[in-house]
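The values are calculated or read from the model by the stated rules, or taken from the named source; none is laboratory data. In this text, all values refer to a predicted model and were calculated from it rather than measured experimentally. Counting neighbours? That spans all protein chains shown, and the Cβs are built from the backbone with ideal geometry, glycine included.
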Amino acid sequence: DQNQKTRFDNNKTGYRLATSVGGLGTGEGGDFIVVDDPTKQADAHSLPARESVKDWWDNTMSTRGNNPDKVVKVVIMQRLHEEDLTGHLLEKMKSDGLHYEHLCLPARYDGNDRVTSIGFSDPRKEKGDLLWPERFTPKALAELESSMDSYAVAGQLQQKPSPDAGGIFKKAHWRYWKPAGVTLPPVVVEVVNDETKAITLMEIEAVDLPSRFDEQMQSWDLAFKDTKSSDFVAGQTWARVGVSKYMLDYFKERADINATIKAI
């Protein structure tokens, strides 16, 4: 099966070699090194998986150019995490002077003009303009966005992944509760150093939920429609004991007015 071949040779002493992340035998090199989607979406939030991809690119693929001064390296990928391979290379451009042309194509124009020295400039002018309306119509893109969570939309569609550790409200700032008397393992979250970008793992022990509260309340953001493109109805139930607050339950669904009233 020709589709299963990993190596094609021509009669001009050239060849194309296909491999996977972590592969490429010793002695193989090329004039063009191209990687396409090196990280699976399922591995995007795995620190070891991300580090493995970056190590493979830095320490294996960086030595595979036939001529180090002329080799062309291309990374094609959807953004899945701030610390994915593209994020790693963008950071090295700042810190080490590594040179890449960054071609960024958000699904919806975000108002930032992007121009590269290879001749590309984003022709869109109005914020929200679609990248390829013939392929992804306004309706199709809206349905796709509604099926994805906010992190996926920011990264995979807009090419600007949100901080996995959180923006203003960091994951490490939150505390977790458990029913009294229940034994659960600690919650493990990534902590990113704002200056060095170094990532460490932090274990947070859950506290016992109090049996009585000083105050309880609900907060709702209503929409009243349950179409695929509608905003979500969001509600949360909170309790307070002294200065400590506990989120007891939450609701997030596309719901019409009857379902919303029932949920409340």
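What number of residues within the range 26-54 satisfy the criterion of being more than 19 Å from the chain's Cα centre (by Cα) and without any contact (Cβ under 8 Å) to a residue 12 or more places away in the chain? Step through it out loud before you land on a result.
As a first pass, look at the range 26-54 and keep what is more than 19 Å from the chain's Cα centre (by Cα): 26-34.
With the extra rule that they be without any contact (Cβ under 8 Å) to a residue 12 or more places away in the chain, the set shrinks to 26-27.
So the count comes out to 2.
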>> Among the residues of the range 213-228, what is the count of those that are at pLDDT 95 or above, charged (D, E, K, R) and either in a loop (DSSP other than H, G, I, E, B) or touching a Leu at 6+ places or on another chain (Cβ under 8 Å) (or both)?
In response: 1
> Mind checking which pairs have a first residue in the range 92-113 that is on the phi < 0 side of the Ramachandran plot and a second that is modelled with pLDDT under 85 and not in a loop (DSSP other than H, G, I, E, B), Cβ under 8 Å, 6 or more apart or different chains?
Replying inline: none
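Within the range 96-111, identify whether any single residue is of a type in the set (Asp, Glu) and touching a Lys or Arg at 6+ places or on another chain (Cβ under 9 Å), and answer yes or no.
For the range 96-111, residues of a type in the set (Asp, Glu) and touching a Lys or Arg at 6+ places or on another chain (Cβ under 9 Å): present.
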> How many residues does the range 239-250 hold that are surrounded by 14 or more Cβ atoms within 10 Å (Cβ to Cβ) and either assigned by TED's automatic domain parsing to the domain that holds PRO138 or farther than 17 Å from LYS178 by Cβ (or both)?
Replying inline: 1
> Of all residues in the range 234-255 being closer than 22 Å to ALA140 by Cα and in contact with an Asp or Glu (Cβ under 6 Å, 6 or more places away or on another chain), which is modelled with the lowest pLDDT?
Replying inline: ARG254
